[in-house]
Every structure is written in C-alpha cells, then in structure tokens.
Amino acid sequence: MLGVFSFLIQPLFDDVLVAGRADMVVLVALAMATVMIVRGAARLLSRVVTAHLAERTRADMQDEMLAHLLRLDLGFHQHQSPGLLIERVQGDTRAVIELLRSVVVGLGRDGASMIGLVAVALYMDWMWTLIALVGVPLLVLPMQMIQRRIRERSVETRVTAAEISNRLDEVFHGIATIQLSGTEKREQSRFRDVLTRYRRAAVRASIGQDGTPTVMDVAATIGVATVVAYGGMQIIEGTRTVGQFMSFFTAVTLMFEPVRKLSGLAAQWQNILASAERVRDLMHVKPAITSPPPPHLPVPARNACSIALRDVHFAYGREPVLRGLTLEAEAGQTTAIVGPSGAGKTTVFALLGRLIDPQQGQILIGGRDIAQMDLAALRGLFSVVSQDAALFDDSIRDNILMGMRDVPEARLRAAIEAAHVAEFADTLPDGLDTRVGPRGSALSGGQRQRVAIARAILRDAPILLLDEATSALDARSEALVQAALEELAHGRTTLVIAHRLATVRAAHRIVVMDRGQVVEQGSHAELIERGAHYARLHALQFQED
C-alpha cells in the first residue's frame, strides 16, 4: 500500500500540480486517502487475527509443556526448582510467541511494504536506487557482531529471569520461616542481587537491539544524501522531473520505517531464538522412567499384593542410599519400617511407585516384577498418606476427589466420616466446598492429614503407604488421624514409615533399617526381647518421652 501511495506522488506533481489541472486534485487525493484507509483496515484485521492465533498458540504450548513435565521422573524434578520451571513454561513461551506476533507479522507487513517501495524506486530510476543502497554492504560485518551479542545477552536475560522466579517462589513458600528468623533483609538483599544481574543483562540486550536500527539509519542517510545531490542536478538539467524525484524520494523515505522495523526484528529474532532453544531443550528431555514395551505383566489381584525387594541398590548421584536391601511385606498385613534418618526408608516408597528405579536389584509385587508392569496400572495400586499432605488451592471436596468422577455422594460422605473430615468440614460456612488455600494453608496440620486420608479411602487402592502420617500433630489430632489410618489399613497391604515407635507397636512386622540395609525385623515384642537395634531406639524414645 505504501508503494501505491508513493507511486501516486509522481502524477500528483507532474500531471496535476505542475500542469495546473484543478479537476484532478480531488481525484488523486481521494485515491491516496483510499490507499491509506485500506492499509489501516488491513493492519487492524491482521492484528486481531494474530492476537487470537498467538494467544491460542501460547496456551497450547504451555499446556503441552506442562503435560511433558508431568511425565518426567522424580530424578529430573529433584534437580529443577519450581521457580525455574515456571519461568520456562510462562516466560520462555511468551517470548517464543513474539515470533508470531512480531516477527512473522512484521516480515509479512513490512517486507511487503519494502518490496513495493523498492519496486517504485526502481521504476522511477534504477541508478538512484543503487546510489541509495550504496551503504548497505558496509552493514554486513557490524550487523553480524551485533546479532551475536544480542543472542548471548538474551540467553543471559532468560536465565536470570528464571532465577527471579525461583527466588520469589522460595520466599513466598518460606515466608513464615523468614519472618520468624528475622531474615527479611537477607532475603531482600539476595533478591536485589538477582534483579541487578537481570537489569544489567536486559540493558545490554536492549542496547544491541536498539543499535541495529541505528546502524541502518546511518547507512540510509548516506544513501539518501547522495541521491539528493545526484538527482537534484538531473532535475536542474531537465533530464528528470520534479514528480519523478518526489515519488522516488517519498518511496525511499517511507522505506526507512519498514527497513528500521525489519532490522529491529532481526535483533528481536535473536532474543526469540534464545527462548526457543530453552523450550526445545526442555521438550527434548526424555523421561528416564516409562512403561515397558507391551505386553505388560498384569498387576496382581487385590488380595495378593505382597511386596518384596531383593538385593536393591540405589544411589543419588555418587551417594549410596540402599546397599543390597532385601525386604518383604505380606499381603493384607501392616509392615512398619523404622530406623534413623538417612537409612533409606522414604527411598523405598519412591522405588515402589517407580518414581525412581534402582541401579541394581529387583522389586516384586505379588511376585511380579514391577519394571514389567504398565506404569499407570502399577501406580494405581497405591494410596499414599505422607507427612506433608499435598493439597491444592481448591475446595475440600475437590482435594478429596482428585479428579474422580461420578462418585456417589453417599460414598464420599462415608469417606469423610471415616477420615474424621466431617468433624471440621461440617462447621465451615461452605462445608466441603470451602477452599483450602495455597498448599492447604487454610487448614491445620491435622485437618490436612485427614483430608489426605479421606482421599486415600476414596481411592480404595490395595496397597497403602504411610510416610510419617502422624508426625508433628497434637495429641488430639494424632488420635483422630491414627484411628482413621487404622480403619484405612484394614485388609490392605500397608507399609508404614515412622520415627515414633509407639505408633507401630501393633504392626504385624517391624523392619529396622540402617544405612540402606535391614539390620533386624520381627514383631514389637520379639524385637524388644532381642535387645538390639530396635530395643535401643525404643529405650531412647521412652527416655525422651
């Protein structure tokens, strides 16, 4: 459209103004106005369409990235902080979408304008056009250097932006600890340091991006000044008309803006590439733990879910955790695992659900190797109640259902009664529809545990894993939770991790672990009579109590 506009300048001067044809002035003016109106309408339409496509594409990208992250194993997530992953999903995808919003649209709009304007300039005088572009070859080396610097600084900016998200995530999740320990100034100082690094990287990237159009302007100015001198002499000599020169000059002048934008897009492209590479790298991460190729071993029947670990070795990096662990838990019975911190108890739970895989050894459920089972079917065997009950900022009802559909109200009610959730939920204004707050912050520790137990009751899985489920609770809450757990464990294969030995006295078998191995096992009475590891732990806790 800009090319058509600049082309109309020549007849406006030569055929209307210089020739003195008043009858053509309005016609040419209307033609020029029509061109600009059509251009404006096309720009508006393209922006509306682009905005819709960009936001839809970004939502699809973020959805796909989250789905991918949910498939990655625990080993990956242990080395990636939530803040860094949040920035990958939000910040990097936002930058990539600029490819659609700015680069693609800019190339289409400004590229078409530049082609049209160059065509008009060549039509008016090819020599003038060559002279106007005389400075372009001088831009090649500086532009390459600028582009390389922009890309480096853009990567640095994305990395520090992720650090900002991570720092905020840590601060907000640890706000109580920060306030109680009086370390507000320390956290503010640490955050300020990250902001300073981000600001410096962002400024350097911005200088590079803004420098590209400036270099283009210098080259264009040299070319235009030369054309004015050369073309002006031709007009004076009468070999070119004023209309031709004005049409050419208008085309070249209007060319400055799309050229400036396109050079700016070249700089922006480097920033987008930095984010695109981060998204690509994340999406190329392969889950270390997946379902084996079919056919899969079927999961055992509900009443046959015995558990056996045979000579299992596992290490986090170079740090060994389990050293040839051999352990058995009978189907339908409660087996407690006790021992000092670092003995490897929680690692056992992670191995059972294949959140991690052993480096050596075999894990069996119902006599079948779990590595040969479908991963989803295997994990469907477990209900888990842990010390830190994972609740989401939703209603109590949704936190219990966890996506289960078509659950009869009577069944849900039975679960909350059995878990003693009704005792506090029925007193709330919105009952089960009361929101629990971020990470269940609106509920007490005991209430969160009872919600988790109700979830496990409703899930009705054949194997129950209890990881310090009653720790850090007051006496009344512990009594209620313990009663709910005993009801839940009835008839299930149950593994219990506990530091407080008083909570596992009734277990069918107690397994004592130390440094990744079983050092003794038996009933409470047998282990006390034996007078070894368990008896010493029991005596120590009894003295502390």
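The values are calculated or read from the model by the stated rules, or taken from the named source; none is laboratory data. Bear in mind that the values here come from a model prediction, so they are computed numbers and not experimental data. Cβ atoms come from the backbone with ideal geometry, glycine included; neighbour counts cover every protein chain shown.
Details
- When Arg318, Arg278 are checked against the criterion of being of a type in the set (Lys, Arg), surrounded by fewer than 17 Cβ atoms within 10 Å (Cβ to Cβ) and at pLDDT 75 or above, Arg318 stands alone in meeting it.
- Residue in segment 386-393 that is polar (S, T, N, Q) and free of Cβ contacts under 8 Å to residues at least 40 places away in the same chain present: no
- In segment 506-519, the residues that are modelled with pLDDT of 85 or more and on the phi < 0 side of the Ramachandran plot: Ala507, His508, Arg509, Ile510, Val511, Val512, Met513, Asp514, Gln517, Val518, Val519
- Selection status of Ile457, among the hydrophobic types (A, V, I, L, M, F, W, C), assigned by TED's automatic domain parsing to the domain that holds Ala377 and in contact with a Cys (Cβ under 6 Å, 6 or more places away or on another chain): no
- Where strands (runs of 3 or more DSSP E) sit wholly within segment 312-403, none has at least 2 residues that are of a type outside the set (Lys, Arg), within 27 Å of the chain's Cα centre (by Cα) and not assigned by TED's automatic domain parsing to the domain that holds Arg500.
- Applying a threshold of 9 Å to beta carbon distances and a minimum spacing of six or more residues, or different chains, the list of pairs starting in segment 499-522 at a residue that is in contact (Cβ under 8 Å) with a residue 12 or more places away in the chain and over 13 Å from Lys345 (Cβ atoms) and ending at one that is surrounded by fewer than 16 Cβ atoms within 10 Å (Cβ to Cβ) and basic (Lys, Arg) reads Glu520/Arg530; Gly522/Arg530.
- Residues of segment 435-474 that turn out to be assigned to a loop (DSSP other than H, G, I, E, B) and on the phi > 0 side of the Ramachandran plot, as a count: 4
- Some residue of segment 488-506 being closer than 30 Å to Asn399 by Cβ, of a type in the set (D, E, K, R), part of a loop (DSSP other than H, G, I, E, B) and within 33 Å of the chain's Cα centre (by Cα): no
- The one condition in (1) in contact with a helix residue (DSSP H, G or I) (Cβ under 8 Å, 6 or more places away or on another chain); (2) crowded, with 22+ Cβ neighbours inside 10 Å that Ala452 fails to fulfil: (1)
- Long-range neighbours under 9 Å by Cβ, at least six apart or interchain, first residue under 14 Å from Gln90 (Cβ atoms) within segment 46-68, second part of a helix (DSSP H, G or I) and charged (D, E, K, R): Arg58/Arg94; Met65/Arg88; Met65/Asp92
- Residue within segment 284-299 that is touching a residue at least 60 places away in the same chain (Cβ under 8 Å), charged (D, E, K, R) and closer than 19 Å to Phe76 by Cα present: no
- Filter pass, Ile497 being at pLDDT 90 or above and under 30 Å from Met402 (Cα atoms): no
- If the condition is being outside any helix (DSSP H, G or I) and either touching a Pro at 6+ places or on another chain (Cβ under 7 Å) or of a type in the set (A, V, I, L, M, F, W, C) (or both), then segment 404-425 contributes Met404, Val407, Ala419, Val421.
- Verdict on Ser441 being modelled with pLDDT of 85 or more and under 27 Å from Phe172 (Cα atoms): no
- Counted residues, segment 278-306 - those being in a helix (DSSP H, G or I) and more than 26 Å from Glu330 (Cα to Cα): 6
- Every test in (1) closer than 30 Å to Leu297 by Cα; (2) of a type in the set (S, T, N, Q); (3) modelled with pLDDT under 90 is passed by Thr326 save one, and that test is (3).
- Residue check, Ile457 in contact (Cβ under 8 Å) with a residue 24 or more places away in the chain, closer than 22 Å to Cys305 by Cβ and surrounded by 20 or more Cβ atoms within 10 Å (Cβ to Cβ): yes
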